[in-house]
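Q: Here it is, the structure, as structure tokens.
Read-outs: derived from the displayed coordinates by stated rules, not from any lab. These numbers come from a predicted model, not from an experiment. So basically every Cβ, Gly included, is an ideal-geometry build from the backbone, and we count neighbours across all protein chains shown.
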Amino acid sequence: MDGTENTRNIGSAYHMGQPSHDATITEVGRGTPCGEWMRRYWHPVSLSSRVKDLPLKIRILGEDLVLFRDKKGKVGLVHPRCVHRGTELYYGRVEEGGIRCCYHGWLFDTEGRCTDMPCEPNNGEGYRQNVRQPWYPVEEKYGLVFAYMGPPEKKPILPLWSNLEEVGPGEKLIARNGSIGAGGDATIDIVPCNWLQDWENVMDPFHLPILHTAFSGVQFVPEFGVMPTVAWDYDPDGGMKYTAHRDLEDGRKVDRVTYVHFPHVRIVPSTELAAGQAAGIGWVVPVDDTHFTLFAAQKVPNDFKPVRRERIPGKTWVEMSEEEHQRFPGDWEAQVSQGAITYHSDEHLAASDRGIRMLRKLMKEQIEIVEKGGDPQGVTFDPAKAVHQVKSGNFFLK
């Protein structure tokens, strides 16, 4: 075999090794490095409006849970199996004092305390006080229910966001959950791939001129077709940002500033290139290692009405044919097609991927801090420091 034949064989798929993913920054189950880091923060788990008179099944960070609202209006999040005999509390009845198991009627309040054992002598007095249904703390804010799933002694203050705290006259807040922000459809809540494939995408401004403009046609605005000059920086608040500068064809100059905050917050400015501060906050919440969902809260005008989101003229994402998905892909196709968890071993990161490298490096540093018993960036135990100042936006330069 001559040298020419050897050259032809370079890169043959036959010689590919066994691919693998980076478990440290992708796997979110209890006891995993990323999972324990994640559990040091608050996570949105439901829209407040969905928590009514029937319990809800919730899956987050690989844990199956039951969410309910008692008749007094207080929300509880508990382990699904009743501690008595294991019947699912999903089939329980919500009452004024909590949730009652359908099997033998044990009643648990929103913090898991057993307050009624109707089949036991003296209502279980003396025994009932020693029974506790495993539970997690929850708080409601911005139309969302947030849960803290970490060590009780490390529970931080629920973070607040300046752009959502400052709701002016003629404005209101709306909350939503689903896959629209991942390129999907309002009818689909769960995205079938690892959460990081979406979250780190926020630090990749170069897919905008390609995927969302040149390749699939203008999915947002034509201005995103201008190749930007980009600078990435870490943020002491916990996370990082990029500033993408564009000199537009009409003579305008704009800096598009986009942030991610730990553990999975994304603050993306208006995709219509509206000037000013970002109006909303998004959360890329891991359901488990191979699924995620998106939550968002946003300021809108009081007369705001949801519009039908069409990916191509006349069709939403879910209405498109397979051929149309091939011809006009978006974030869903680009990210979900990477696999349930992308093979990091097969990646070839280039200069334009600097933000991806920086974000993964910072994540690993924070995960290591937690492993050593420290507190990661972005958590605070001081109520006076609960509000995060939002600095994302589209800023036009004179």
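Q: Rank these for me by crowding, Leu61, Leu173, going from fewest to most other beta carbons within 10 Å.
A: Numbers: Leu61 24, Leu173 17.
The fewest-first ordering by Cβ neighbours comes to Leu173, Leu61.
Q: Ok, one more. How many times 2.2 N^0.38 Å is the alpha carbon radius of gyration of the stretch 294-390? Kindly include the intermediate steps, with their values, before the conclusion.
A: On the way: Rg = 20.1 Å, N = 97, 2.2 N^0.38 = 12.5 Å.
Dividing the Cα radius of gyration by 2.2 N^0.38 Å gives 1.61.
Q: Return Tyr41, Tyr127, Tyr259 ranked ascending by Cβ neighbour count within 10 Å, so the fewest neighbours appear first. Numbers along the way, then the final one.
A: Numbers: Tyr41 22, Tyr127 13, Tyr259 25.
Going from least to most buried by this count: Tyr127, Tyr41, Tyr259.
Q: With a/c under 1.5 counting as rounded, go ahead and sort the stretch 82-155 into rounded, prolate or oblate using the C-alpha gyration tensor (a ≥ b ≥ c being the square roots of the eigenvalues; past the cut-off, prolate if a/b is larger than b/c, else oblate).
A: Values: a/c = 2.34, a/b = 1.70, b/c = 1.38.
Note, shape of the stretch 82-155 comes out prolate.
Q: Ok, one more. Which shape class applies to the chain: rounded if a/c is under 1.5, otherwise prolate when a/b exceeds b/c and oblate if not, where a ≥ b ≥ c are the square roots of the Cα gyration tensor eigenvalues? Could the numbers behind the result be given before it?
A: Numbers: a/c = 1.90, a/b = 1.54, b/c = 1.24.
Taking the square roots of the gyration eigenvalues as a ≥ b ≥ c, the chain is prolate.
Q: What residue among Thr342, Thr316, Thr24 shows peak mean-square fluctuation when the chain is described by a Gaussian network model with Cα springs under 10 Å?
A: Its mean-square fluctuation being the largest, the pick is Thr316.
Q: Which residue fluctuates the most in the chain, going by a Gaussian network model with Cα springs under 10 Å, if the choices are Cys82, Cys193, Cys34?
A: Fluctuation is largest for Cys82.
Q: So, in Å, what gap is there between the alpha-carbon centers of the stretch 202-218 and the stretch 259-302?
A: With the stretch 202-218 and the stretch 259-302 each reduced to a Cα centre, they are spaced 18 Å.
Q: Quick check on my link table: of Lys241/Lys361; Lys74/Lys141; Lys241/Lys372; Lys253/Lys398; Lys299/Lys391, which ones sit more than 18 Å apart, alpha carbon to alpha carbon? Let's see the in-between values first.
A: On the way: Lys241/Lys361 14 Å; Lys74/Lys141 13 Å; Lys241/Lys372 26 Å; Lys253/Lys398 7 Å; Lys299/Lys391 15 Å.
Beyond 18 Å: Lys241/Lys372.
Q: Put +1 on the Cβ of each Lys and Arg and -1 on the Cβ of each Asp and Glu in the stretch 48-139; which of Val131, Leu67, Gly98 then has its Cα farthest toward the positive end of the dipole?
A: Final value for the positive-end residue is Leu67.
Q: Straight-line reach from Lys385: which aspartates and glutamates fall under 18 Å, measuring Cα to Cα and dropping same-chain residues less than 8 apart?
A: Partners within reach: Glu139, Glu165, Glu166, Asp235, Asp237, Asp375.
Q: Sticking with this one: For the residues Arg327, Arg113, what sequence is obtained by ranking on other C-beta atoms within 10 Å, fewest first?
A: Details: Arg327 13, Arg113 16.
Ordered from fewest to most neighbouring Cβ atoms within 10 Å, Arg327, Arg113 come out as Arg327, Arg113.
Q: Okay, next question. Any idea how far the Cα center of the stretch 92-140 sits from the one of the stretch 335-353, in Å?
A: Centre-to-centre distance over Cα atoms comes out at 47 Å.
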